[in-house]
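Colleague: One structure follows; several queries about it will come next.
The values are calculated or read from the model by the stated rules, or taken from the named source; none is laboratory data. Note that the structure is a prediction, hence the values are computed from the model and not measured. Here the Cβ positions follow ideal geometry from the backbone for every residue, glycine too, while neighbour counts run over all protein chains shown.
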Amino acid sequence: MDPDTSLLFQAPFSSYCKHFCSLEVITSICFPRCEVHTAQEQLCEGVRSPSGSWVLDHLEQLALVDFRDAEGVERLRKAIQFADQLHEVNTDGVEPMDSVLEDRCLYLREDDVTEGNCTNELLKNAREKVEEYFVAPPGIVLLIKTS
Amino acid sequence: MLRASLREVSAALREGHVTPTELCQRCLALLKSTRFLNAYITVAEETALKQAEESEKRYKRGQPLGVLDGIPIAVKDNFNTAGIETTCASNMLKGYISPYNATVVQKLLDQGAVLLGKTNLDEFAMGSGSTDGVFGPVRNPWSYSRQYKEKSVPKSLSEDEESNWVITGGSSGGSAAAVSSFTCFAALGSDTGGSTRNPAAHCGVVGLKPTYGLISRHGLIPLVNSMDVPGILTRCVDDAAIVLGSLAGHDPKDSTTIQDNFKPFELPNLPDVSKLSIGIPKEYHAPGLSSEILALWSKAADLFKNAGAQVTEVSLPHTRYSIVCYHVLCTAEVASNMARFDGLEYGHRSDMNKSTESMYAATRREGFNDVVRGRILSGNYFLLKQNYENYFIKAQKVRRLIANDFLKVFGSGVDILLTPTTLSDAVPYMEFIKEDNRTRSAQDDILTQAANMAGLPAINVPAALSERGLPIGLQFIGRSFQEKQLLTVAKWFEKQVKFPMIQLEEVKRHSHDVFQHQKSASFS
């Protein structure tokens with residue numbers, strides 16, 4: 001069993017049971033389904049729990065940006081705290097606004113090829129390439145943790 | 001000659017008092033002697049001189065392309081420029097040579113403008129001080145002005161005058177510093193939360209944020225697609241109108257530009273404001289607003305009143321939520337926009353090659369600084385399924401409330417809003433870096449942000465010098481696509497206040513650490 005999960009099931013249930021687990025989230029740590037408290041609590045719980053925060057794991061996977069040090073987590077916690085002020089505003093009956101130009105139709109041009117044939121130009125900026133291909137290392141689903 | 005306005009120097013070129021190559025050389029020389037300001041990341045000396053030569057040929061034939069022909073300009077380094085490095089002040093794009101010109105850059109070049117170089121900024125335009133780029137912070141030219149030096153009291157005899165320098169504001173600090181120090185006649189910036197108006201206020205120049213949808217964003221490396229606009233920095237309002245005239249209009253490559261026909265306009269020589277209604281939003285009397293700026297704001301309102309305009313207090317009740325709303329929407333859009341930087345097709349690429357994901361993650365860790373990564377992480381957090389409704393959608397709803405506030409006020413007959421641009425004059429760099437980027441941005445964008453939320457045009461006009469001898473500006477916010485009215489009012493105000501010209505003193509000693517950053521700047 002994953003060392004992190006074994007810790008989980010040993011400690012009292014209440015100190016971990018504050019996370020909502022979506023079935024689609026593939027992580028190496030499983031949490032029992034529980035109530036969700038405020039987003040900040042959620043994150044803080046994740047930070048405090050010694051098993052590590054599945055929220056941060058998930059975020060790192062999505063964002064492909066690692067931010068594991070305490071400073072990074074603190075920054076995120078502050079950002080959430082700041083954003084929580086939004087909940088003071090009453091937005092009943094208000095439609096979300098995507099764009100200030102929502103009353104207009106976006107311009108769509110004719111489906112004609114007007115430019116292109118610039119393969120060499122575009123390949124110039126890539127570091128690894130073979131003939132006309134961009135070269136990437138093999139892809140896998142989960143992020144390999146190097147630390 | 002370099003202190004002249006765009007219009008004046010253009011006339012001088014046409015009359016043959018100066019040639020484009022002379023002008024270009026003089027600007028380049030001044031640029032070299034003001035390198036310590038760190039306003040430019042890349043100086044395109046060769047191409048600029050070539051462009052100047054072409055312009056000279058056109059003037060000799062008597063066929064200049066327009067008012068901008070031969071005029072040296074600078075462009076913020078988040079606009080793509082073909083053949084010239086575009087870095088966004090980030091390691092991610094160091095060495096990236098763009099294959100195309102941004103539409104606005106192309107338009108300027110088509111008019112014959114001479115592109116001197118790319119200016120410094122906060123990394124990926126995230127910040128309000130122009131201090132967080134990898135090429136180092138930009139220094140406000142006013143730090144070296146007689147006006148500032150006369151007012152600053154050295155704390156000790158041994159204090160290095162270098163440690164006293166003040167920031168330019170951000171994120172278009174390099175562009176503002178370039179215009180303010182006379183190395184160019186106009187510069188392009190970008191404005192997402194106040195990034196053009198904030199440094200304009202701190203550097204004593206005119207900063208125009210046009211209506212969203214008026215100027216093409218094609219080629220502007222995006223931060224927040226629904227709020228970004230290219231900004232214009234000049235030394236006077238007339239010049240801003242000239243540059244706006246050559247940039248505005250529909251672009252088939254940017255479908256968010258409106259299709260209405262744009263007619264370039266000239267501002268009246270003697271603007272009349274007596275028939276206007278000026279609104280003073282009371283919520284802009286924000287906590288932390290310096291008493292100097294408050295007094296200046298009040299004096300400005302009186303100026304309009306005495307000229308016969310109707311000046312009324314108005315309310316924009318959701319103002320204080322605009323910065324929170326911006327925080328959520330900005331980080332969410334940033335999370336999406338920064339996803340394109342993976343090292344595969346362009347930009348920095350890590351040597352890590354165990355797997356695609358680990359290569360991406362390593363590339364992004366190496367390429368982005370803390371600020372960018374922090375925003376990406378926050379943005380992804382707000383976009384998580386369980387948070388989407390509570391944060392992202394909620395923020396979009398609050399955005400509509402903010403936009404509606406403005407609609408209501410303009411609908412009640414108010415033509416222009418008059419507000420301060422910043423809470424105080426420029427702070428010294430040593431003080432600025434005591435707080436982190438997010439806190440500073442939240443503090444500094446408070447007065448400029450709402451205009452981006454609602455997509456409205458806004459302009460900073462330098463109004464007076466503070467007690468410390470530094471510029472303070474005031475902001476005018478207008479109705480959508482009513483730039484002509486906005487600029488007319490701004491011009492009238494500019495004539496009234498007669499903001500003093502900066503008296504730049506020659507800097508006798510250069511600090512050693514300034515030259516460290518010059519290693520990374522490239523001359524092409």
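Colleague: Where in segment B:393-469 are there helices (runs of 4 or more DSSP H), lying fully within it, with 1 or more residues that are of a type in the set (Phe, Trp, Tyr)? Give the steps one after another, and end with the answer.
Modeller: Details: elements: B:394-411, B:429-432, B:437-444, B:449-454.
Passing ranges, in order: B:394-411, B:429-432.
Colleague: Is it the case that segment B:14-24 has a residue that's within 21 Å of the chain's Cα centre (by Cα) and either assigned to a helix (DSSP H, G or I) or closer than 17 Å to B:LYS118 by Cα (or both)?
Modeller: Looking through segment B:14-24, none of the residues is within 21 Å of the chain's Cα centre (by Cα) and either assigned to a helix (DSSP H, G or I) or closer than 17 Å to B:LYS118 by Cα (or both).
Colleague: Still on this model: Pairs under 7 Å by beta carbon, first residue under 12 Å from B:TYR391 (Cα atoms) in segment B:313-333, partner assigned to a helix (DSSP H, G or I) and hydroxyl-bearing (Ser, Thr, Tyr), six or more apart or different chains?
Modeller: Matching pairs, first to second residue: B:VAL328/B:TYR391; B:THR331/B:SER378.
Colleague: Can you name the residue in segment B:433-446 that is in contact (Cβ under 8 Å) with a residue 60 or more places away in the chain and farther than 15 Å from B:GLY288 by Cα and, of all such residues, is nearest to the other protein chains (Cβ to nearest Cβ)?
Modeller: The initial filter retains those residues of segment B:433-446 that are in contact (Cβ under 8 Å) with a residue 60 or more places away in the chain, namely B:433, B:437-438, B:440-446.
The next check asks that each one be farther than 15 Å from B:GLY288 by Cα; those that pass are B:433, B:437-438.
Numbers: B:ILE433: 16, B:ASN437: 10, B:ARG438: 7 Å.
Ranking the qualifying residues of segment B:433-446, first place goes to B:ARG438.
Colleague: Can you give me the number of residues within segment B:240-291 that are surrounded by 19 or more Cβ atoms within 10 Å (Cβ to Cβ), in a helix (DSSP H, G or I) and either on the phi > 0 side of the Ramachandran plot or not hydroxyl-bearing (Ser, Thr, Tyr) (or both)?
Modeller: The number of residues fulfilling the criteria is 7.
Colleague: Under 8 Å between Cβ atoms, at least 6 apart or on separate chains: pull out the pairs that start in segment A:81-97 with a residue that is over 14 Å from B:ALA442 (Cβ atoms) and facing chain B (nearest Cβ under 7 Å) and end on any residue that is part of a helix (DSSP H, G or I) and of a type in the set (Gly, Ala, Ser).
Modeller: From residues that are over 14 Å from B:ALA442 (Cβ atoms) and facing chain B (nearest Cβ under 7 Å), the pairs are A:MET97/B:ALA403.
Colleague: What is the residue count in segment B:228-249 for residues that are within 14 Å of the chain's Cα centre (by Cα) and over 16 Å from B:LEU267 (Cα atoms)?
Modeller: Counting residues in segment B:228-249 that are within 14 Å of the chain's Cα centre (by Cα) and over 16 Å from B:LEU267 (Cα atoms) gives 6.
Colleague: Give the residue, chosen from B:LEU294, B:LEU329, that is surrounded by 18 or more Cβ atoms within 10 Å (Cβ to Cβ) and either closer than 30 Å to B:LEU93 by Cα or modelled with pLDDT of 95 or more (or both). Don't jump to the end; show me each part of the working.
Modeller: Details: B:LEU294 fails: surrounded by 18 or more Cβ atoms within 10 Å (Cβ to Cβ).
That would be B:LEU329, the only listed residue that is surrounded by 18 or more Cβ atoms within 10 Å (Cβ to Cβ) and either closer than 30 Å to B:LEU93 by Cα or modelled with pLDDT of 95 or more (or both).
Colleague: Within segment A:129-147, track down each residue that is surrounded by 14 or more Cβ atoms within 10 Å (Cβ to Cβ) and either at the interface with chain B (Cβ under 7 Å from one of its Cβ atoms) or at pLDDT below 90 (or both). Walk me through how you get there before you give the answer.
Modeller: From segment A:129-147, those surrounded by 14 or more Cβ atoms within 10 Å (Cβ to Cβ) are A:129, A:134, A:136-137, A:143; that's our starting set.
Listed by number, the residues that qualify are A:PHE134, A:ALA136, A:PRO137, A:LEU143.
Colleague: Can you pull out every residue in segment B:58-77 that is under 25 Å from B:ASP191 (Cα atoms), in a loop (DSSP other than H, G, I, E, B) and in contact with a Pro (Cβ under 9 Å, 6 or more places away or on another chain)?
Modeller: B:ILE71
Colleague: So which residues in segment B:267-281 are at pLDDT 95 or above and more than 18 Å from B:LEU303 (Cα to Cα), if there are any at all?
Modeller: Across segment B:267-281, there are no qualifying residues.
Colleague: Next question. Working only within segment B:25-57, note down all residues that are of a type in the set (Gly, Ala, Ser) and assigned to a helix (DSSP H, G or I). Give the steps one after another, and end with the answer.
Modeller: Taking segment B:25-57 as the starting set, the residues that turn out to be of a type in the set (Gly, Ala, Ser) are B:29, B:33, B:39, B:44, B:48, B:52, B:55.
B:ALA29, B:SER33, B:ALA48, B:ALA52, B:SER55 - these are the residues of segment B:25-57 that are of a type in the set (Gly, Ala, Ser) and assigned to a helix (DSSP H, G or I).
Colleague: Could you list, in sequence order, all residues of segment B:77-106 that are crowded, with 20+ Cβ neighbours inside 10 Å and closer than 15 Å to B:LEU247 by Cα?
Modeller: Of everything in segment B:77-106, those that are crowded, with 20+ Cβ neighbours inside 10 Å and closer than 15 Å to B:LEU247 by Cα turn out to be B:PHE79, B:ASN101, B:ALA102, B:THR103, B:VAL104, B:VAL105.
Colleague: Could you figure out which of (1) under 22 Å from the mean Cα position of the chain (by Cα); (2) crowded, with 17+ Cβ neighbours inside 10 Å isn't true of B:ARG35?
Modeller: (2)
Colleague: Take the residues of segment B:340-369 that are touching a residue at least 24 places away in the same chain (Cβ under 8 Å) and among the charged types (D, E, K, R): which is surrounded by the fewest Cβ atoms within 10 Å (Cβ to Cβ)?
Modeller: B:GLU366
Colleague: Is it true that some residue in segment B:322-344 is within 26 Å of B:ILE472 (Cα to Cα), at the interface with chain A (Cβ under 7 Å from one of its Cβ atoms) and not acidic (Asp, Glu)? Give the steps one after another, and end with the answer.
Modeller: Taking segment B:322-344 and keeping what is within 26 Å of B:ILE472 (Cα to Cα), we get B:322-324, B:326-327.
In the following step, the residues that additionally are at the interface with chain A (Cβ under 7 Å from one of its Cβ atoms) were identified as B:324, B:327.
Applying the additional criterion that residues be not acidic (Asp, Glu) yields B:324, B:327.
Yes, segment B:322-344 contains a residue that is within 26 Å of B:ILE472 (Cα to Cα), at the interface with chain A (Cβ under 7 Å from one of its Cβ atoms) and not acidic (Asp, Glu).
Here is a yes/no grid of residues against (1) among the aliphatic types (A, V, I, L, M); (2) closer than 30 Å to A:ARG104 by Cα:
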site: B:ILE242; (1), (2): yes, yes
site: B:ASN261; (1), (2): no, yes
site: B:PRO264; (1), (2): no, yes
site: B:LEU276; (1), (2): yes, yes
site: B:LYS299; (1), (2): no, no
site: B:ALA307; (1), (2): yes, no
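Colleague: If you go through segment B:48-66 one residue at a time, how many are buried (at least 22 other Cβ atoms within 10 Å of the Cβ) and either touching a helix residue (DSSP H, G or I) at 6+ places or on another chain (Cβ under 7 Å) or modelled with pLDDT under 95 (or both)? Steps first, answer last, please.
Modeller: Start the filter on segment B:48-66 by keeping residues that are buried (at least 22 other Cβ atoms within 10 Å of the Cβ), which leaves B:48, B:51-52, B:55.
Now drop any that are not either touching a helix residue (DSSP H, G or I) at 6+ places or on another chain (Cβ under 7 Å) or modelled with pLDDT under 95 (or both), which leaves B:48, B:52, B:55.
Adding up the residues that qualify gives 3.
Colleague: Name the residues in segment B:452-463 that are within 14 Å of another protein chain (Cβ to nearest Cβ) and more than 14 Å from the chain's Cα centre (by Cα), would you? Working first, answer last.
Modeller: Restricting attention to segment B:452-463, the residues satisfying the condition of being within 14 Å of another protein chain (Cβ to nearest Cβ) are B:452-458.
B:MET453, B:ALA454, B:GLY455, B:LEU456, listed by residue number.
Colleague: Let me ask something else. Select from segment A:79-113 the residues that are within 30 Å of B:ALA361 (Cβ to Cβ) and touching an Asp or Glu at 6+ places or on another chain (Cβ under 9 Å) and list them in ascending order.
Modeller: Across segment A:79-113, there are no qualifying residues.
Colleague: Return the only residue of B:GLY174, B:GLY170, B:GLY189 being part of a loop (DSSP other than H, G, I, E, B) and within 20 Å of the chain's Cα centre (by Cα).
Modeller: The conditions single out B:GLY170.
Colleague: Quick one: what pairs do we get from segment B:380-401, first residue more than 10 Å from B:VAL328 (Cα to Cα) and within 7 Å of chain A (Cβ to nearest Cβ), second among the charged types (D, E, K, R) and buried (at least 18 other Cβ atoms within 10 Å of the Cβ), C-beta under 7 Å, 6+ apart or different chains?
Modeller: Listed by first residue and then by second, the contacts come to nothing, as the list is empty.
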